[in-house]
Amino acid sequence: MTIIECQPELDIASVGALHQQILDALPAGEPLEVDGRAVRKVHAAALQLFLSAVAEARSLGVQWRWREPSPALVEGARLLGLTDHLMLGDDCRE
């Protein structure tokens, strides 16, 4: 399993590094767990990245899980109507 830890602020400046981490992890085919507990602020660019990454993981058959997504992360996704697409709904998280 590959674990990716999110920064406290997921803004446009941090999305590039996060994108590279995800790109490096997906081809391995191992389950991917994204640790979102530290996130205090999330920008639309990060949510777009996650949306694309979740879709890519599905297409590759890679399991995607969230580890303790913060209230800020869940609320950001909810405001854009993305909780189900990002698997951040109550029934999708551990």
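Quick one, which of (i) 75, 41, 16; (ii) 31, 30, 19; (iii) 83, 39, 20 is the actual Cα extents along the principal axes in Å calculated for this model? Evaluating Cα extents along the principal axes in Å on these atoms matches (ii). Between the exposed loop cleavage positions of the chain, defined as trypsin sites (Lys or Arg not before Pro) in a non-H, G, I, E, B DSSP state with at most 16 neighbouring beta-carbon atoms within 10 angstrom, the longest gap is 41-92. Hydrophobic long helices, here whole DSSP H runs in the chain with Kyte-Doolittle means of at least -1.0 and Cα atoms spread over 18 Å or more along the helix axis, are found at 12-25, 44-60.
How big is the charge dipole of the chain about its Cα centre, in debye rounded to the nearest 20, if each Lys and Arg gets +1 on its Cβ and each Asp and Glu gets -1 on its Cβ? If you can, show how the numbers build up before the last one.
On the way: 8 positive and 14 negative charges, 29 e Å.
Rounded to the nearest 20 debye, it is 140 debye.
Summary value for the chain: 30 percent relative contact order, contacts being C-alpha pairs under 8 angstrom separated by 6+ residues.
Using only DSSP helix segments of four residues or longer, with each worth -39500 (n - 2.57), what per-residue ellipticity at 222 nm results for the chain after dividing by its residue count and rounding to 500?
Details: 3 runs with 40 residues, N = 94.
It comes out at -13500 deg cm²/dmol, rounded to the nearest 500.
With neighbours defined as other Cβ atoms within 10 Å of a residue's Cβ, the residues L80, L60 order from fewest to most as L60, L80. Annotation: amide H-H contacts under 5 Å for I4 (H modelled 1.01 Å from N, sequence separation of 5 or more, or interchain): E33, V34, D35.
Every read-out reported here was derived from the displayed coordinates using simple, explicitly stated rules and does not represent laboratory data. Predicted model only: the values in this text are computed from it and were never measured. Here the Cβ is made from the backbone with ideal geometry for all residues, glycine too, and neighbour counts use every protein chain on show.
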